[in-house]
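Structure first, then comments.
Quick note: the coordinates plus some simple rules give every number you see, no bench work behind them. The structure displayed is predicted, hence computed values, not measured ones. Positions of Cβ are backbone-derived with ideal geometry, glycine not excepted, and every protein chain shown enters the neighbour counts.
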Amino acid sequence: MNFRKGVILNLPEAKGEVKVVFSPMSFNVYQNGKKIKKKGGIKAKFPVETTTGEIEPIVIRNGKGMVRTAHFKDQQIPLEERLSGLERFIAIGSVIFAFIVGCALFGFITGVIGGALIGFTVAMAVMFSLAFIRQEKNLVLQILVSVGLSAVAYLVYFLLGMLIVSALHGAVMPMVLLAGRACNIINKLRKQHIKKYRHFDRREESADAKALGDSSLRSK
């Protein structure tokens with residue numbers, strides 16, 4: 001399976017050939033064979049030189065029907081074919097089925113870590129399933145591969161979650177033990193200080209009592 005795809009954009013205002021190369025997890029833009037360095041974070045922009053010497057950005061977005069589109073000025077160019085409702089259902093339904101079965105049989109990771117991991121792996125499984133379905137039009141193969149990719153995504157989610165949780169527990173437990181030892185040391189020092197302080201008070205009280213007894217004898 002080759003998930004990498006290249007599309008040459010028909011941009012009359014752009015200088016030379018503009019090509020978008022993308023996969024389920026990444027995309028790049030080339031102008032005249034030279035890779036364009038993207039700018040920005042999540043909403044990345046690729047500056048393209050026009051025939052007038054100006055710079056105009058190309059933005060890649062997810063359009064309707066789970067189709068990526070390239071936006072250049074007023075143009076919207078689809079980079080992928082639009083899938084049918086059944087094909088989209090196969091991709092999404094396979095992921096839901098695999099994760100429900102996996103969670104029922106093997107369990108799931110709770111908390112923020114579990115939520116972040118399940119969101120990431122589900123998104124990856126859906127994107128790879130959609131990419132395969134666009135290449136393969138055999139319904140049986142679409143279902144089998146989508147379920148297989150979803151099962152792999154669940155295994156990645158579960159194993160990675162267990163490793164992260166184990167690593168966190170491995171890092172937290174020594175800190176807890178160290179804090180407990182520090183508390184014990186502080187408590188022992190506090191008790192010794194209190195014991196010394198009480199012993200000093202008793203010595204002072206006995207000295208005061210002796211001095212008072214001596215003074216009373218002298219007065220007599």
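Residue separation times 0.36 nm, minus the C-alpha to C-alpha distance between Glu81 and Leu168: what's the value?
Extending this stretch completely gives an extra 27.0 nm.
I need the peptides 4-17, 140-153 ranked by packing, meaning the mean over residues of other C-beta atoms within 10 angstrom, with the highest value on top.
Top to bottom by mean Cβ count within 10 Å: 140-153, 4-17.
Kindly list the residues of the range 74-104 that lie in the label zone of Glu54, defined by a backbone N under 20 Å from the point 7 Å along the Cα-to-C-beta vector.
74-77
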